[in-house]
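Read through the structure below, which is laid out as structure tokens, and then see the notes.
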2 protein chains.
Amino acid sequence: MPRVHIDVMLKDEILDPQGQAVERALPQLGYEAISGVRIGKHIELDVGEGVDVAATVEGIAHELLANPVIERYTWRLAEEA
Amino acid sequence: MPRVHIDVMLKDEILDPQGQAVERALPQLGYEAISGVRIGKHIELDVGEGVDVAATVEGIAHELLANPVIERYTWRLAEEA
């Protein structure tokens, strides 16, 4: 049964306050030279046998997981364990 | 400058109510045969040149991004754009 990983991120042009907060905390923890921190959602799910994986995942991401106004998503098949 | 993707998920033995809520909503939207839905965080960041990527990312994940009591994390280098 294929396991799919979906990442949902704010579009690049949308401000990401959570990512900024992490980025600003890092130097105080001793981590310099980290930039471009963006934080989003990671979803994993199993798609049943015989189901069109691409159509199903695109549909779920678009209808339920991502807000297409401000978010983009990518997905991939998980490597076999 | 290497871009790193980090996924932070609840450990498998920890209940994931958000994932369960999504899983239960799917049949009503017409998506059958989806199981094992788990929802976590996805973090992307750039690591500066000359920095030890593995040590830095492991440190940040452990100290700031994941709660090691209930969460696990994985990371990978992003493919070149």
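Highlighted here are the strands (runs of 3 or more DSSP E) found entirely within chain B that include at least 2 residues which are over 22 Å from residue A:66 (Cα atoms): B:34-47, B:71-77. Counting the residues of region B:2-28 that are touching a residue at least 24 places away in the same chain (Cβ under 8 Å), within 8 Å of chain A (Cβ to nearest Cβ) and open to solvent by 40 Å² or more (accessible area, probe 1.4 Å) gives 1. Here residue B:57 fits the description: aliphatic (A, V, I, L, M) and either in contact (Cβ under 8 Å) with a residue 24 or more places away in the chain or touching a helix residue (DSSP H, G or I) at 6+ places or on another chain (Cβ under 8 Å) (or both). Restricting region A:29-50 to residues that are closer than 24 Å to residue A:77 by Cα and more than 7 Å from every other protein chain (Cβ to nearest Cβ) leaves a set whose member that is least open to solvent (accessible area, probe 1.4 Å) is A:50.
The values are calculated or read from the model by the stated rules, or taken from the named source; none is laboratory data. Everything numeric here is computed off the predicted structure, so don't read it as measured data. In this analysis, Cβ positions are derived from the backbone assuming ideal geometry, glycine residues included, and neighbour counts consider all displayed protein chains. What goes into the accessible areas is simple: the full protein's heavy atoms, side chains included, and nothing from ligands, DNA or RNA. Shrake-Rupley method; radii C 1.70, N 1.55, O 1.52, S 1.80 Å.
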